[in-house]
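The block underneath contains the structure these notes are about, expressed in structure tokens.
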Amino acid sequence: MSNHHLSPESNAGLSSATAPLSVEGQLIGKILVVWAAAYGVDESGIEQPENSNLDVQKRRTRIKGMIEEVMRLIDNLSLLRRPSWDGVRCLLLTLPLTEGEIASAAM
């Protein structure tokens with residue numbers, strides 16, 4: 001898989017090389033990074049203060065891009081067409097992150 005569509009927020013692209021985790025396991029790791037960012041924790045584990053509405057808006061915009069990337073990876077990996085336990089875990093971890101987007105798209 002080429003890494004040309006990955007955003008800078010992701011620490012590394014998903015690798016098919018000899019990694020200790022499956023591709024789905026690596027995706028679970030990325031989803032956990034999105035969850036941490038959603039709660040205001042950066043890549044190094046430091047909590048980022050929310051001093052203004054602008055800070056919250058910036059974080060939401062960043063999270064939206066990260067969620068879009070995860071959704072593209074879910075589609076590229078065909079998780080819905082080739083079910084596995086780790087694939088189901090990915091989908092279940094992603095669903096709550098997308099609920100706000102689904103609600104705003106329906107309006």
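The values are calculated or read from the model by the stated rules, or taken from the named source; none is laboratory data. Only a predicted model underlies this, so the values are computations on that prediction, with no experimental measurement involved. Cβ: placed from backbone, ideal geometry, glycine included. Neighbour counts: every protein chain shown.
Of the residues Lys30, Lys58, which single one is part of a helix (DSSP H, G or I), modelled with pLDDT of 80 or more and under 11 Å from the mean Cα position of the chain (by Cα)?
Residue meeting the stated conditions: Lys30.
Give the residues of segment 73-94 that are assigned to a helix (DSSP H, G or I) and either under 13 Å from Ile31 (Cβ atoms) or polar (S, T, N, Q) (or both), sorted by residue number.
Leu73, Ile74, Asn76, Asp86, Gly87, Val88, Arg89, Cys90, Leu91, Leu92, Leu93, Thr94
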